[in-house]
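Heads up, the thing below is written out as structure tokens.
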Amino acid sequence: MLNPADLLTSFDPETGVIDGALRSERCLSDLRGIFHDADAYAAALADGDPLVYYTYAVEPADGPGDLYYAIGTILPGRIGDEYYMTKGHLHTWRPAAEFYIGLRGSGLMLLEDEATGESHLVPLEPNGAVYVPGSTAHRTINTGDEPLTYLGIYPARAGHDYAAIAERGFSTIVTCVDGRPVARRV
Ligand code: S6P
Ligand code: ZN
């Protein structure tokens, strides 16, 4: 049975806030081990524990064909020369794909095929949509100087697998060189 209250949610594309949705936050201390420059990470943490990104998730129903969506907002900033970014994950249910739609700011999505290790960097900007195939690790990177806000739509049963990423990491990092993002294999 359709519940009319689940048919429409309103979001603010400037702040990434969805009224009535579940908010979660990641501060710098939640992102141990993901930034390349361990000294810069320790120094930034000693200086405080800034909020790096937050998400609002809408989960109307969780049947086999249902969808969730979430809006993520990554604040502008860097650890050393590496831009603020998400932890990154694979979907627990590997076949689950996802669409990301840019709402504000400018950034990149790092997509890495789990089987081959092949990786791609794709721009994430307003009016652009990025397709994340199944079995593809994905991380979002804010390369701009304002918040990066985006909307992701994914199967309700997708789930988040962070452990696989914690174990092998991503093979590419994106750093700021002369004010511009530059990708480097690590
Ligand atoms: C969910 C989707 C996003 C991320 C968000 C935060 O499948 O990909 O909503 O959860 O970008 O990233 P992470 O890696 O901390 O979950
Ligand atoms: Zn995802």
| message | Conditions first: (1) open to solvent by 20 Å² or more (accessible area, probe 1.4 Å); (2) under 17 Å from the mean Cα position of the chain (by Cα). Residue 180 passes all but one, so which condition is the exception? | response | (2)
| field | Candidate set from the stretch 64-83 (those that are of a type outside the set (A, V, I, L, M) and open to solvent by less than 20 Å² (accessible area, probe 1.4 Å)); member that is nearest to the chain's Cα centre (by Cα) | value | 72
| Taking residue 117, is it on the phi > 0 side of the Ramachandran plot and part of a loop (DSSP other than H, G, I, E, B)? | yes
| query | When the stretch 69-91 is examined, which residues are found to be under 26 Å from residue 6 (Cα atoms) and more than 10 Å from ligand 2 (Cβ to nearest atom)? | reply | 69, 71, 73
| What residue, of 149, 92, is within 17 Å of residue 69 (Cα to Cα) and over 13 Å from the mean Cα position of the chain (by Cα)? | 92
| What strands (runs of 3 or more DSSP E), lying completely within the stretch 123-186, carry at least 1 residues that are more than 29 Å from residue 59 (Cα to Cα) and not hydrophobic (A, V, I, L, M, F, W, C)? | 172-177, 180-185
| field | Condition check for residue 120: open to solvent by 50 Å² or more (accessible area, probe 1.4 Å) and within 16 Å of ligand 2 (Cβ to nearest atom) | value | yes
| request: Kindly provide the set of residues from the stretch 69-101 that are more than 10 Å from ligand 1 (Cβ to nearest atom) and farther than 20 Å from residue 136 by Cβ, ordered by number. | output: 75, 76, 77, 78, 79, 80, 81, 82, 83, 84
| message | Looking at 70, 61, can you tell me which residue is part of a loop (DSSP other than H, G, I, E, B), under 18 Å from residue 156 (Cα atoms) and touching a residue at least 60 places away in the same chain (Cβ under 8 Å)? | response | 61
| query | Is it the case that some residue within the stretch 151-165 is away from ligand 1 (no atom under 13 Å from the Cβ) and open to solvent by 10 Å² or more (accessible area, probe 1.4 Å)? | reply | no
| query | Just for the stretch 92-114: of the residues that are outside any strand (DSSP E or B) and more than 12 Å from ligand 2 (Cβ to nearest atom), which one is nearest to residue 62 (Cα to Cα)? | reply | 95
| query | If you scan the stretch 1-58, which residues turn out to be touching a residue at least 60 places away in the same chain (Cβ under 8 Å) and either charged (D, E, K, R) or farther than 23 Å from residue 89 by Cβ (or both)? | reply | 13, 14, 15, 26
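The values are calculated or read from the model by the stated rules, or taken from the named source; none is laboratory data. Note that the coordinates shown come from a computational prediction; the quantities given were computed from them, not determined experimentally. Cβ atoms come from the backbone with ideal geometry, glycine included; neighbour counts cover every protein chain shown. Ligands, DNA and RNA are excluded from the accessible area calculation, which covers all protein heavy atoms including side chains. Shrake-Rupley method; radii C 1.70, N 1.55, O 1.52, S 1.80 Å.
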